[in-house]
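A short write-up of the structure that comes next.
The values are calculated or read from the model by the stated rules, or taken from the named source; none is laboratory data. Since this is a predicted model, take the numbers as computed values, not measurements. Cβ placement follows ideal geometry from the backbone for every residue including glycine, while neighbour counts extend to all protein chains displayed. We work out accessible area using only protein heavy atoms, side chains counted, and drop any ligands, DNA or RNA first. Shrake-Rupley method; radii C 1.70, N 1.55, O 1.52, S 1.80 Å.
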Amino acid sequence: MDRPPPATAAPERWRPSVTVAAVIAETGDDGTPRYLLVEEETPEGLRLNNPAGHLDPGEGPTEAVVREALEETARAFTPEAVLGVYLSRFRRPARGEDVTYLRIAYAGRAGPADPARALDRGIVRTLWMTLAEVRAAAGRLRSPLVLRCLEDHAAGVRHPLSLVHADPSLADPEIKRGG
């Protein structure tokens, strides 16, 4: 008599890591836009990134990008537009990691750096770079999304902030009853 295969647990639901990124540009004395990046410690060594990070529980993406930009650059960030929603993936076989990131990137303005505010742990410094300099440093970028976000910004891509909606249930979750 054939037996049915043993029951197996349902696979765990796949969840990408949701992150936000701030794209901050200023025009240099020569008229060339320069982008504010951070140099940060990673398992692969020092890498360049947009001011970016993960959403905290109960936090909307716009709140998160304002917080992350302040923590990583010591500058108040004012989002003005959504650049886009991006996906990327990397693997670290030595650590058994296979991570997919969903990044929501915002364009906006930043105030002056607050000299009394320390940069977030792992951030070595901030620096201003032209798009050409970032392209030349492609091997030092934290992910391919760093350059993609800057290229979209330089191309004039802008979406209204209302594109990303954070429901009030983030702060006050609905309670589901029943099975």
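Details
- Across the stretch 94-109, computed HN-Hα scalar couplings (Karplus, 6.51 cos²θ - 1.76 cosθ + 1.60, θ = phi - 60°) run 4, 9, x, 9, 9, 10, 10, 10, 10, 10, 9, 9, 10, 9, x, 10 Hz from first to last residue, x flagging Gly and Pro.
- When you filter the chymotrypsin sites (Phe, Trp or Tyr not before Pro) in the stretch 97-179 for DSSP loop state and at most 13 other Cβ atoms inside 10 Å of their Cβ, nothing is left.
- Among 94-100, 171-177, the order from most to least packed when residues are scored by Cβ within 10 Å on average: 94-100, 171-177
- The alpha carbon centroids of the stretch 62-93 and the stretch 122-179 are separated by 4 Å.
- Averaged over residues, the count of other Cβ atoms within 10 Å places the peptides 132-140, 59-67, 31-39 in the sequence 59-67, 31-39, 132-140, highest first.
- Averaging 1/r across all pairs of distinct Cα atoms in the stretch 33-95 and inverting the result yields a Kirkwood radius of 13.7 Å.
- The apolar share of the surface of the chain, taken as the fraction of accessible area on carbon and sulfur atoms (1.4 Å probe, ligands and nucleic acids excluded), comes to 52 percent.
- The residue among Ala154, Ala138, Leu170 whose Cα reaches farthest toward the positive pole of the charge dipole of the stretch 114-179, with charges on the beta-carbon of Lys, Arg, Asp and Glu, is Ala138.
- The chain: relative contact order in percent, alpha carbon pairs under 8 Å with at least 6 residues between: 27 percent
- With 5 Å bins beginning at zero, the pair-distance distribution over Cα atoms of the stretch 71-179 amounts to 2, 9, 13, 16, 21, 16, 11, 6, 3, 2, 1, 0 %.
- Positive minus negative residues near Glu80 (Lys, Arg vs Asp, Glu; Cβ under 10 Å): +2
- Gain on full stretching of the segment that runs from Ile175 to Ala113 - 0.36 nm per residue minus C-alpha separation: 18.2 nm
- Summing +1 for each Lys or Arg and -1 for each Asp or Glu among the other residues whose beta-carbon sits under 13 angstrom from that of Gly53 gives -4.
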